[in-house]
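The values are calculated or read from the model by the stated rules, or taken from the named source; none is laboratory data. Please read these numbers as outputs of a predicted model, since none were measured by experiment. Cβ sites come from the backbone with ideal geometry, for glycine too, and all protein chains shown count toward neighbours. Surface accessibility is based on the protein's heavy atoms, side chains included, excluding ligands, DNA and RNA. Shrake-Rupley method; radii C 1.70, N 1.55, O 1.52, S 1.80 Å.
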Amino acid sequence: MTGSAPLPVGGAASLRLEGVTVRFNDFVALDDVSFEVPAGASLSVVGPNGAGKSTLVRVMLGLTVPLAGRVEVLGQRPGATPARIGYVPQLKTFDRTFPATALELVTTGLRRSWPGRIVPAERERALAALRRVGAAQLADRPLARLSGGELQRAYLARAFVREPALVVLDEPATGVDFLAERDINDLMEEYQAGSGATVVMITHDLAAARYHADHVLVLNRRVCGFGAPAAVMTDETLQAAFGHKRHRHAAAL
């Protein structure tokens, strides 16, 4: 790894939520959610569709303000230090016909906007990030010509380009095959090991949550379970979140 991410001072938690409630008109998206992620740890968030997982991401990024509760991200209010956070969105929201290259996509992680012209220093940082994810050969390739796995590598490079202390991934396996998903998990673990960063991953893959995270949050608008994967991902907890009566989730893990 080339450098390390600045971590919260004094071993403070990278992410802390206390009694967070988010309401959209009469709909409660998050209800009294509390948990804490230590600096340098990895968290997987699982739950059914509509459980509030994407709302949780928006709260962490400072894009949604809770109705009640307290949130700290890297020891500060959400949105206070965007340069210290790398974000990988769901790919299904991306317009693949947008006329840009992989290098330009990565550079948006430096500028927070599409570049009209990339200066040499930016190009070198973007290329270094692409090399880190094994995708330097994609630098000048149009986004429309990238496979799902290649595009996700470009997004990972975009998230890594500022050496963030916190990386947030929202369903990173969407639109990729099994091998590409495995590569994503490996790349995240390599980055985390070399940088000491904290990782938060929203996922529907229960096996990935169990085997690639230090902590798991089982969410269905409220916290159904939080803690070490083996302790939290029980059939009882998963049934409470997903509402399935006739399928033993834990047996599949």
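General observations
- Tallying residues that are open to solvent by 50 Å² or more (accessible area, probe 1.4 Å), more than 21 Å from Thr108 (Cβ to Cβ) and either part of a loop (DSSP other than H, G, I, E, B) or in contact (Cβ under 8 Å) with a residue 40 or more places away in the chain (or both) within segment 59-84 yields 5.
- Filter pass, Asp186 being within 16 Å of the chain's Cα centre (by Cα), exposed (fewer than 15 other Cβ atoms within 10 Å of the Cβ) and closer than 23 Å to Met201 by Cα: yes
- Every residue from segment 185-224 that is among the charged types (D, E, K, R) and more than 29 Å from Phe27 (Cα to Cα): Asp186, Glu189, Glu190, Arg210, Asp214
- Restricting Thr198, Thr234 to those that are more than 21 Å from Ser54 (Cα to Cα) and of a type in the set (Val, Ile, Thr) reduces the list to Thr234.
- Cβ-Cβ contacts under 9 Å between residues 6 or more apart (or on different chains), taken from a first residue in segment 29-43 that is in contact (Cβ under 8 Å) with a residue 24 or more places away in the chain and part of a strand (DSSP E or B) to a second residue that is open to solvent by less than 40 Å² (accessible area, probe 1.4 Å) and among the aromatic types (Phe, Trp, Tyr), are listed as Leu43/Phe35.
- Matching entry among Leu219, Leu206, Leu238 (being modelled with pLDDT of 90 or more, in contact with a Lys or Arg (Cβ under 8 Å, 6 or more places away or on another chain) and either surrounded by 20 or more Cβ atoms within 10 Å (Cβ to Cβ) or among the β-branched types (Val, Ile, Thr) (or both)): Leu219
- The set of residues in segment 112-127 being open to solvent by less than 80 Å² (accessible area, probe 1.4 Å) and either within 17 Å of Pro142 (Cα to Cα) or within 21 Å of the chain's Cα centre (by Cα) (or both) consists of Ser113, Pro115, Ile118, Ala126, Leu127.
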